[in-house]
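**Q** The structure is given below, and queries will be raised subsequently.
The values are calculated or read from the model by the stated rules, or taken from the named source; none is laboratory data. It should be emphasised that the depicted structure is a prediction, and the values quoted were computed from it without experimental measurement. Positions of Cβ are backbone-derived with ideal geometry, glycine not excepted, and every protein chain shown enters the neighbour counts. What goes into the accessible areas is simple: the full protein's heavy atoms, side chains included, and nothing from ligands, DNA or RNA. Shrake-Rupley method; radii C 1.70, N 1.55, O 1.52, S 1.80 Å.
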Amino acid sequence: MATAVSVELPARAVRKHLRKTRRASSAARPVTEVLQDLYIGLFGLVLVSVMVAPLARSALKDVVAHGGAGHVPHALVPDLGLALALVAAGTGLRALQLIGPVICDPARATWLLASPVSRSGLLGAAAGLAVVGTALSGAVAGLAVGLLLSWPAVGSAVVGGLVAALLSLLATTLQGRSWGAAWLRRTGDVLAALAVPVLVAGLVGVDAEPPSPSERTALLVALALGLLTAGCALGLRRALARLRRADLVAGTGLATGLRATVTALDGSFVAETLRLRRLLERGEVGSKPLRGNGFSALAWADVRRAWRARRGWLAAIAATTLVWAADDLYGRLGAALAMVLVAWAGAGAAAAGLRTISRSPALSRALPFTDADLRAAHLVVPGAVALVIGEIGCVLASRPGWWAVIATLLAVAGVLRTAGGRPDIRWELQATSPMGALPVGAVTAYLVGPDVVVLAALPFVFGADPLLSSLLPLLAVAVLLRRKSRRA
């Protein structure tokens with residue numbers, strides 16, 4: 001009688017065979033395609049080096065400069081550095097928790113991870129790549145924070161890289177555990193929220209002297225971080241062996257959404273992926289009857305929807321400190337720009353109902369309201385959020401109250417313009433460019449929204465009186481509110 005014996009194949013041999021197969025398939029590609037991919041990569045690198053690097057260098061010079069018009073006061077530099085470090089750590093934790101950080105495509109998860117091969121051996125390369133990429137990003141963030149705090153550049157980059165690597169290893173260790181994902185999410189939110197009181201402390205004049213570590217202290221900190229990182233790395237193999245295939249494929253869905261966003265120039269792919277993941281994590285949502293009827297029922301539905309997804313507009317309210325900081329740094333122009341951007345972001349975070357009825361013709365057709373009535377009902381909550389943000393910004397920056405009304409009108413015009421989504425990109429019509437053939441509308445699709453807000457905000461930003469500043473925003477809101485949509 002034959003007995004089935006389970007034999008675990010060596011992961012190294014499997015990876016070697018896969019690399020050989022992949023190399024053979026890539027060798028069959030024409031030389032022209034390989035050269036084209038190489039050209040696009042080199043062009044992107046040159047583009048970043050020539051355009052982004054000088055802008056970043058001039059911005060950092062403007063930040064660390066002492067005195068002079070349009071420059072940052074010396075007392076605010078430490079607080080900006082500490083706030084930037086907290087925001088970078090918080091957003092980094094959130095990004096790692098959302099992505100995975102270890103991901104695997106469905107085909108690999110189905111055929112390889114289900115085979116008798118060491119799971120930690122198969123995933124080791126992906127985990128190492130995630131740690132290295134996170135460490136490089138942390139080194140860049142640490143260098144920027146070190147320049148703001150007047151720390152040594154090399155030491156700041158090393159500490160930032162070690163902290164990022166430690167966070168990546170910690171996220172990998174906790175991946176797949178429900179309590180671990182919740183802990184990472186809450187810790188990231190708390191770290192990002194701590195940046196607000198730090199920035200407020202600098203704006204009100206509280207002297208928060210940045211730590212000025214000596215070489216010995218920096219060496220001890222780097223050594224401690226290195227030991228912690230090495231300790232987490234030792235437990236990485238056991239954590240990888242425990243990962244479930246569903247956890248790995250979930251991160252791949254988000255990565256695929258990001259790729260589709262770049263390809264189709266539409267961020268709805270990522271938004272829908274994140275919304276689906278939140279629904280799966282919650283598992284069950286209770287139903288409650290709406291209050292009121294007609295117009296009030298629609299507005300109340302938006303209130304409940306905004307309260308369920310309150311992280312976005314709460315973050316926009318916390319970002320009103322940027323209006324205060326921009327007023328201190330760049331005067332009226334900076335405060336006006338910051339207020340418009342923050343109010344628009346807050347209104348957009350609370351405009352889920354408006355986007356739903358604008359992008360679902362069947363749903364809007366089923367409701368006993370005209371398009372203008374539906375838009376007006378679903379503008380109540382976004383407009384209220386923008387008005388609150390504007391009023392808080394006016395109080396913090398000591399600006400007149402009518403600024404909040406103008407910012408609200410501009411935010412409402414912006415969300416009305418972007419509610420229906422961007423126009424379809426016609427891939428069958430392509431035009432030549434330095435980066436190769438690009439579809440017609442690939443650039444202009446991103447101008448939907450900013451085209452209205454920028455033009456309508458020009459009088460307000462450049463110091464016009466209240467009446468003149470409100471004419472263009474009111475005209476834009478009236479036109480967009482009465483615009484007829486095509487009902488399928």
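**Q** Between residue 241 and residue 455, how many nm apart are label points set 7 Å from Cα along the C-beta direction?
**A** The answer from the label model is 6.4 nm.
**Q** If packing is taken as the average count of other Cβ atoms within 10 Å, what order do 227-240, 372-385, 145-158 fall into, highest mean first?
**A** 372-385, 145-158, 227-240
**Q** Another question about this same structure. Rg to Rh for region 334-386: what is it, with Cα atoms only and Rh by Kirkwood?
**A** Value, to two decimals: 1.11.
**Q** What does the accessible area of residue 173 come to, in Å² to the nearest 10, when a probe of 1.4 Å is used?
**A** Roughly 40 Å² of residue 173 is accessible to a 1.4 Å probe.
**Q** If you place +1 on the Cβ of every Lys and Arg, -1 on the Cβ of every Asp and Glu, and leave all else neutral, what size is the dipole of region 82-190 about its Cα centre, to the nearest 20 Debye?
**A** 220
**Q** Then there's this: How would 358, 398 line up by accessible area, probe 1.4 Å, largest first?
**A** Output order, biggest surface exposure first: 398, 358.
**Q** Can you tell me the length gained on complete extension of the stretch residue 462 to residue 38, counting 0.36 nm per residue apart and subtracting the Cα distance?
**A** Stretched out fully, the residue 462 to residue 38 stretch lengthens by 148.2 nm.
**Q** Can you give the extra length, in nm with one decimal, that the chain gains between residue 15 and residue 333 once fully stretched, where that is 0.36 nm per residue apart less the Cα-Cα distance?
**A** Once the chain is fully extended between residue 15 and residue 333, it gains 108.8 nm.
**Q** List the residues, sorted by chain then number, that are 5 or more residues from residue 117 or on another chain and whose placed amide H is less than 5 Å from its amide H.
**A** Result for residue 117 returns 9.
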